[in-house]
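The values are calculated or read from the model by the stated rules, or taken from the named source; none is laboratory data. Here the structure is a predicted model, which means the values were calculated and not measured. Quick reminder, even Gly has a Cβ in these numbers, built from the backbone with ideal geometry, and neighbours come from all protein chains shown.
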Amino acid sequence: MSDAIRPLIAGNWKMNGLKSSTGEFEAMLGGAGALSGKADLLVCPPATLVAAFAGMARDGMVAVGAQDCHPKPSGAHTGDLAAEMFRDLGATAIIVGHSERRADHGESDALVRQKAEAAWRAGLTAIVCIGETRQQRDSGKTLDICKTQLAGSLPDGATSTNLVVAYEPVWAIGTGLTPTTGDVEEVHRFIRGVLTDRFKEEGDRIRILYGGSVKPSNAAELMGVANVNGALVGGASLKAADFLAIAAGCP
Ligand code: 13P
């Protein structure tokens, strides 16, 4: 973890959670104070819960975000949601380009870039996800894939406040598998280089999260890797105790 960058522990609830899940979020709000400011906390519930969570979190220590948005601010796009709508509800960030959206909805780097720009237009932080498949890793293409995804998905004008990059190896998501700390270090160092080349001094301060099977038992080790500035957590973010324990693992 880079000394100067405050870590971010972000929870991606994916398509999980009902009105009855507010209790779990309440427990997160209740436990956040005890972390003594170790990390910024963000929870991205499904769109159906953003309003409720943002209302509960007002003045709280946990920010609320969304998981996707349409590139446009409004219009004839049945079923889609605009970044401005999430802003209106009190969200502060939007995940864009998650591998599940790239795979399930065929999202291209160009579309992910438009979505990141939409988040910025609404005044929100874009959390842009990248990462290689197992096959790509096995064929030695990890850094090439990350390079291409970064070049295509990140808009110009990124800063340490409007952009977070999440490195999520597809094969590590929901599988219990994680790369070695050496592999994480290599990819995060590479991403840092791309960010500083393109965004100069801002690139040095943009947070790079690791995501993929982060849990309380491996969080401290992963968060201790150079250029790992926090985590994007799926399954383990659904339980307040696990989510808070991961944040407690930040150095
Ligand atoms: P898991 O933590 O469940 O592996 O999911 C990671 C992820 O996809 C977060 O966006």
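Inside segment 114-129, can you point out the residues that are crowded, with 21+ Cβ neighbours inside 10 Å and not β-branched (V, I, T)?
K115, A116, A118, A119, L124, A126, C129
Within segment 134-177, restricting attention to residues that are more than 18 Å from D109 (Cβ to Cβ) and aliphatic (A, V, I, L, M), which residue is farthest from the chain's Cα centre (by Cα)?
Selected residue: L177.
Rundown of residues vs (1) of a type outside the set (K, R); (2) surrounded by 18 or more Cβ atoms within 10 Å (Cβ to Cβ); (3) modelled with pLDDT of 95 or more, yes/no style:
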residue	(1), (2), (3)
L41	yes, yes, yes
R58	no, no, no
V64	yes, yes, yes
G79	yes, no, yes
V96	yes, yes, yes
V112	yes, yes, yes
G131	yes, yes, yes
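Which one of the conditions (1) free of Cβ contacts under 8 Å to residues at least 12 places away in the same chain; (2) within 16 Å of the ligand (Cβ to nearest atom) does D59 fail to meet, given that it meets all the rest?
The failed condition is (2).
Kindly check whether there is at least one residue in segment 144-159 that is in contact with a helix residue (DSSP H, G or I) (Cβ under 6 Å, 6 or more places away or on another chain), of a type in the set (S, T, N, Q) and surrounded by fewer than 18 Cβ atoms within 10 Å (Cβ to Cβ).
yes
I need every pair where a residue in segment 208-224 that is farther than 24 Å from V96 by Cβ and among the acidic types (D, E) has its Cβ under 8 Å from the Cβ of a residue that is away from the ligand (no atom under 11 Å from the Cβ) and at pLDDT 95 or above, sequence separation at least 6 or different chains.
Close Cβ pairs satisfying both conditions: E221/T181.
Scan segment 43-56 and give yes if some residue there is within 23 Å of G224 (Cα to Cα) and touching a residue at least 40 places away in the same chain (Cβ under 8 Å), otherwise no.
Yes, some residue in segment 43-56 is within 23 Å of G224 (Cα to Cα) and touching a residue at least 40 places away in the same chain (Cβ under 8 Å).
What tally of residues in segment 7-20 results from selecting those that are touching a residue at least 60 places away in the same chain (Cβ under 8 Å) and either farther than 17 Å from V233 by Cα or buried (at least 16 other Cβ atoms within 10 Å of the Cβ) (or both)?
9
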